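Below: the structure, in structure tokens.
The values are calculated or read from the model by the stated rules, or taken from the named source; none is laboratory data. Just so we're clear, the structure is a prediction, and the values are computed from it rather than from any experiment. Note: ideal-geometry Cβ built from the backbone for every residue, glycine included; neighbour counts use all protein chains shown.
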Amino acid sequence: MKSVPLPVLAVLIAPLVFLAGGCASIVKGTTQAIPVATSPSGADVKLDGNKVGQTPLSVAVKRKGDHLMTIEKPGYQTESFAITRNIGGAVFGNIIAGGLVGWGVDAISGAQWNLTPVTINVTMKPATGADQGTPVAQSSAAVFVDELRKLDAMHEAKTVTDEEYAKMRTALVEKYSK
């Protein structure tokens, strides 16, 4: 039986490496299911301003970015939650096992991120008479997500360094986590 020359073997295997993708892309996928429940049930759930259903439900949220989830029910106060991305632990193993190609696939697809919180359970608060018909001020969760998105845009435009981005993102998370 003839052996295949090394250069030919490399050409045949290279496409398989690229098609296999990153480890997190395969194991975790590019979305994360976040279960949402309210008491009472039947509240409308919006993700980034788009209605995705009524509670109880599980929402498939893209891992690549930060999101704003809003929960509304007539007669109750609106609740908003920031869903933020954090680097997943599998990334470091992927860099070792899959090299830069595997990590690159996960970075581009967003699969390298985990989202927080992993579940949302809300006891809806009745709206008071003052809450009825009064425009609602932008929630701190909405402001937080907006600031994160602006920071991401600055990072993508290269107006801040990776180090500055990491420090500024950490400062935002600390500011709004209190």
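Only residues that are touching a residue at least 60 places away in the same chain (Cβ under 8 Å) and either assigned by TED's automatic domain parsing to the domain that holds residue 152 or over 15 Å from residue 120 (Cα atoms) (or both) were counted in the range 53-88, giving 3.
Would you mind listing the helices (runs of 4 or more DSSP H) fully within the range 84-178 where at least 1 residues are surrounded by 14 or more Cβ atoms within 10 Å (Cβ to Cβ), among the acidic types (Asp, Glu) and at pLDDT 55 or above?
Passing ranges, in order: 140-156.
The set of residues from the range 33-55 being modelled with pLDDT of 95 or more, assigned to a strand (DSSP E or B) and among the polar types (S, T, N, Q) comprises 38, 39, 54.
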